[in-house]
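The values are calculated or read from the model by the stated rules, or taken from the named source; none is laboratory data. Model, not experiment: these values are computed from the prediction. So basically every Cβ, Gly included, is an ideal-geometry build from the backbone, and we count neighbours across all protein chains shown.
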Amino acid sequence: MADTTHITPAQFPLPDEDEPSRRDVIMIAAGGFAAAGLGLGLWPLLDQMNPDQSALSMATTEVDLTHVEAGQAITVMWRGKPIFIRHRTDKEIEEAKAVPIDDLPDPIARNANLPDDAPATDENRAGKDRESWLVMIGICTHLGCIPKGQAIGDPKGDYDGWFCPCHGSQYDSAGRVRKGPAPQNMAIPPYTLVSDTKVKIG
Amino acid sequence: MAHSSSYEPSSGIEKWIDARLPVPRLMYDQFLAFPTPRNLNYWWTFGGILSFMLVSQIATGVVLAMHYVATPTNAFDSVEHIMRDVNWGWLLRYTHAVGASMFFLAAYIHTFRGLYYGSYKAPREVLWILGVLILFLMIATAFMGYSLVWGQMSFWAVTVITNLFSSLDAVIPGLGTRLVQWIWGGFAVGGPTLTRLYSLHYLFPFVIAGVVVLHVWALHIPGNNNPTGIDVKSARDTVPFHPYYTIKDGFALVLFAVLFAGFVFYAPNLLGHPDNYIPANPLQTPQHIVPEWYFLPFYAILRAIPNKLFGVATLMGAIVVLFFVPWLDTSRVRSTSYRPIYKWFFWAFVVTCLVLGYLGSQPPEGIYLVLGRIFTAYYFLFFLLVMPVVGWIEKPKALPGSITESVLGPEKSSPASPQPAPRRRTPEPAL
């Protein structure tokens, strides 16, 4: 067939190219239908990567706080993330309360239990009516490292809080960023203090 | 490739690319302007359907692999996790599992079309051989994919099929056993077997895609065969692939997709075996093990032979014989439409494959075994005896003068020019 030439589609122009024809309508309708079908077919291929039902069902974690004395902290897992629970000392609470809001790099509470624009006062950060407890997602808001400060002997930064070893962000004893590249205070997860000794996260 | 390029880059960027890596030229010449016989019927649309199925299987498979866990303790549960928890997991898995069946359905129709119209005859032997190679790779891929579910049918299918290789013990004592242990990575089907099946199941579709590229390449050197089996003689015998066959293939693909979707949404387990929803148990073989429907004819052939080594050899032979079809067929014409004697043998062969499929689903005893042997004999006689002998003794019917003549009737005094589009400005054909 090397010696044959052939007819190309360009050689069959429609009689009046300005006037839309039935063929144009069919082409647009068919093309649009095919595009919609492609989009619909593509969606399951993409959506399957979102958290699945088994991940979403791991919604709540209950933690017993009986043995956490003042000055101690524990770390628990919730939805695969570390949750810092610190039983704060009176000194730590006073330090956190003494800071004027205007001095904070991030003046928003970042507390999932409060309105989005709640100011970052210590009351808005600590547990409701139980200000000695601080429950917070222990992930640095810079690039996701886990700050030091939970274990005895850990560096706690200049503000008796947490110190992120990755890029040097420092958080105070209410988990608010005070220094370093982190843009936000560490987030407070949705939780309720079920009793004096029990917290339900999520 | 086989026809002179008619691509004319219009914009500056097209010229720039064309001088460096002329992919647009390749795509235009091979998939838009490609001269295609004007008389192709709907049996020719399965090549496009198969391309779609390969893409569909790879797309759903890559996605399923994000959730599947290839360990004996977790494989079955991870499949159920896909079905219940993963977003759209049920749809993705059913599309993949039913897709395998649809892929084989289209591949078998495509193969029978090639057989009927003599598409394997010169100069398309390599094209045919590559096609048989793709079929062989598909069989291996489908088998390995089925094993990953790690249900009872999966497990015992792996056991039975891998044990086929132990038949080599009859040739060299110990060879088959060593080979099977090498395949298993142990002394029975287990964890190492599962992970290697998974690895290769992921690899093979891309090997298939590579051979498909060669298959299409080999197609585009001589161009398509056609229902008359006669060669293209002038440009009037052809139409450009686009829009004529993109539309025709597209329409057939839509109809095929309706069938596919019908299975996925209304009968997703109809083509599977319920026993594969029982987790694999290495201590108990199911009462009645059968492969998926697309392997049943081969399974019937295996069971028809009462000797282990010979049975395995026959099973392999049923596929290997296809490689030699271009030289077994001695006919002067390609298309069975012009072969009055061979036609009957061909349709008898189609019936044989269907009957073998039925027999493969039945227990291997009594009348089923007897029939299995008779039809297995015809399966091989068709290739080894009918093809050479009938081609030799048969007088084919008169062929049309050209493809155009087969469509428009015999040439009259004023030669009819092709009329692919009803309204066009230039009446003369582009010769």
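Pairs meeting the criteria (first residue in the stretch B:306-326 and closer than 21 Å to B:L127 by Cα, second residue in a helix (DSSP H, G or I) and among the acidic types (D, E), beta carbons under 8 Å, at least 6 apart or on different chains) are B:P326/B:E125. Residue check: is A:I146 surrounded by fewer than 17 Cβ atoms within 10 Å (Cβ to Cβ) and assigned to a loop (DSSP other than H, G, I, E, B)? Answer is no for this residue.
For every residue, the table says whether it meets (1) under 30 Å from A:P181 (Cα atoms); (2) touching a residue at least 12 places away in the same chain (Cβ under 8 Å); (3) more than 18 Å from the chain's Cα centre (by Cα).
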residue: A:R22; (1), (2), (3): no, no, yes
residue: A:G32; (1), (2), (3): no, no, yes
residue: A:N50; (1), (2), (3): yes, no, no
residue: A:T61; (1), (2), (3): no, yes, no
residue: A:I74; (1), (2), (3): yes, yes, yes
residue: A:F84; (1), (2), (3): yes, yes, no
residue: A:K91; (1), (2), (3): yes, yes, yes
residue: A:D106; (1), (2), (3): yes, yes, no
residue: A:A109; (1), (2), (3): yes, yes, no
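What is the number of the single condition among (1) within 12 Å of another protein chain (Cβ to nearest Cβ); (2) part of a helix (DSSP H, G or I) that B:I49 does not meet? B:I49 satisfies all of (1) within 12 Å of another protein chain (Cβ to nearest Cβ); (2) part of a helix (DSSP H, G or I) except (1).
Residues in the stretch A:37-54 that are more than 7 Å from chain B (Cβ to nearest Cβ) and either closer than 14 Å to B:M83 by Cβ or part of a helix (DSSP H, G or I) (or both): A:G37, A:L38, A:G39, A:L40, A:G41, A:L42, A:W43, A:L46. A:A59 passes every criterion in (1) more than 12 Å from chain B (Cβ to nearest Cβ); (2) in a helix (DSSP H, G or I); (3) among the small types (G, A, S) apart from (2).
Scanning the stretch B:88-132 for residues that are assigned to a helix (DSSP H, G or I) and either within 13 Å of another protein chain (Cβ to nearest Cβ) or modelled with pLDDT under 95 (or both) returns B:G89, B:W90, B:L91, B:L92, B:R93, B:Y94, B:T95, B:H96, B:G99. Looking at B:L296, is it without any contact (Cβ under 8 Å) to a residue 24 or more places away in the chain and in contact with a Phe, Trp or Tyr (Cβ under 9 Å, 6 or more places away or on another chain)? No; evaluated as a whole, the condition is false for this residue.
For the residues B:I58, B:I13, the requirement of being closer than 30 Å to B:P268 by Cβ, of a type in the set (V, I, T) and surrounded by fewer than 18 Cβ atoms within 10 Å (Cβ to Cβ) singles out B:I58. Of all residues assigned to the stretch B:47-55, at least one qualifies as being touching an Asp or Glu at 6+ places or on another chain (Cβ under 7 Å) and either within 25 Å of B:V407 (Cα to Cα) or in the same structural domain as B:V98 (by TED's automatic domain parsing) (or both). Scan the stretch B:33-46 residue by residue and report those that are crowded, with 17+ Cβ neighbours inside 10 Å and either free of Cβ contacts under 8 Å to residues at least 40 places away in the same chain or assigned to a helix (DSSP H, G or I) (or both). Result: B:W44, B:T45, B:F46.
Okay, residues lined up against (1) assigned by TED's automatic domain parsing to the domain that holds B:Y42; (2) surrounded by 14 or more Cβ atoms within 10 Å (Cβ to Cβ); (3) closer than 30 Å to B:K397 by Cα:
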site: B:I172; (1), (2), (3): yes, no, no
site: B:G176; (1), (2), (3): yes, yes, no
site: B:L179; (1), (2), (3): yes, yes, no
site: B:W182; (1), (2), (3): yes, no, no
site: B:D231; (1), (2), (3): yes, yes, yes
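Residues in the stretch A:36-80 that are charged (D, E, K, R) and closer than 24 Å to A:G153 by Cβ: 1 in all. Among the residues of the stretch B:238-288, those identified as part of a strand (DSSP E or B) and within 25 Å of A:F33 (Cβ to Cβ) are B:V239, B:P240. Of all residues in the stretch B:224-237, those being assigned to a helix (DSSP H, G or I) and away from every other protein chain (no Cβ under 12 Å) number 0. Once the stretch A:160-194 is narrowed to residues that are touching a Gly at 6+ places or on another chain (Cβ under 6 Å) and of a type in the set (A, V, I, L, M, F, W, C), the residue that is surrounded by the fewest Cβ atoms within 10 Å (Cβ to Cβ) is A:L193. The set of residues in the stretch B:52-76 being in a helix (DSSP H, G or I) and not aliphatic (A, V, I, L, M) consists of B:F52, B:S56, B:Q57, B:T60, B:G61, B:F76. Residue pairs whose Cβ atoms lie under 6 Å apart, sitting 6 or more positions apart in sequence or on different chains, and linking a residue in the stretch B:11-27 that is outside the structural domain of B:I221 (by TED's automatic domain parsing) to a partner that is basic (K, R), are B:D18/B:R25.
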